[in-house]
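Worksheet for the structure shown next.
The values are calculated or read from the model by the stated rules, or taken from the named source; none is laboratory data. Everything numeric in this text was worked out from a predicted model, so none of it was measured. Note that we place each Cβ from the backbone using ideal geometry, even for glycine, and neighbour counts take in every protein chain shown.
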Amino acid sequence: MSRLRSDLWCGVFVRRHNDLGNMCVVSRRGDPIAGQVFIEIDHLDGTLSLLTPAPGMALVERDADLVFQRRLIRVASEKVRARIERELEFDPDLWVLSLDLRGDDAGIEMLD
């Protein structure tokens, strides 16, 4: 199965959440074809969570285009920003999506 382009996947994700009334923006554009996607979720209570791509084996086991894992859960914003900055040091093609969401369900395939 071929993977959906990163720019298309991000555009659909942003549009879907904005249509649902959740503020979502592209904070950083990466490589349009194969850039990794990080999603930072602002829970609107002073905490953020960070979703990152799951290891490649998760894609083999599932029928989803992208599978995510929870890297940081409801932590201070500085921790999320520091993790993203560390990733950017060796992956300048990274996409970062910022989502305001009171709950925890971003509506994407998650690794258990």
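I'd like to check something: does the stretch 55-68 contain any residue that is touching a strand residue (DSSP E or B) at 6+ places or on another chain (Cβ under 6 Å) and not small (Gly, Ala, Ser)?
Yes, the stretch 55-68 contains at least one residue that is touching a strand residue (DSSP E or B) at 6+ places or on another chain (Cβ under 6 Å) and not small (Gly, Ala, Ser).
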Ile108 vs (1) at pLDDT below 95; (2) under 11 Å from the mean Cα position of the chain (by Cα); (3) surrounded by 17 or more Cβ atoms within 10 Å (Cβ to Cβ): all pass except (3)
Any residue in the stretch 66-84 that's among the hydroxyl-bearing types (Ser, Thr, Tyr): show its pairings with residues that are at pLDDT 95 or above at Cβ separation under 6 Å, as long as the two are six or more apart or on different chains. Ser77/Leu48
Any idea which residue in the stretch 22-39 is surrounded by the most Cβ atoms within 10 Å (Cβ to Cβ), counting only those that are out of contact with any helix residue (DSSP H, G or I) (no Cβ under 7 Å at 6 or more places or on another chain) and farther than 11 Å from Leu99 by Cα? Gln36
Can you pull out the residues in the stretch 1-46 that are of a type in the set (Ser, Thr, Tyr) and touching a Phe, Trp or Tyr at 6+ places or on another chain (Cβ under 8 Å)? Ser6
For Asp93, all conditions in the list (1) of a type outside the set (Phe, Trp, Tyr); (2) crowded, with 16+ Cβ neighbours inside 10 Å; (3) touching a residue at least 40 places away in the same chain (Cβ under 8 Å) hold save one; what is the number of the exception? (2)
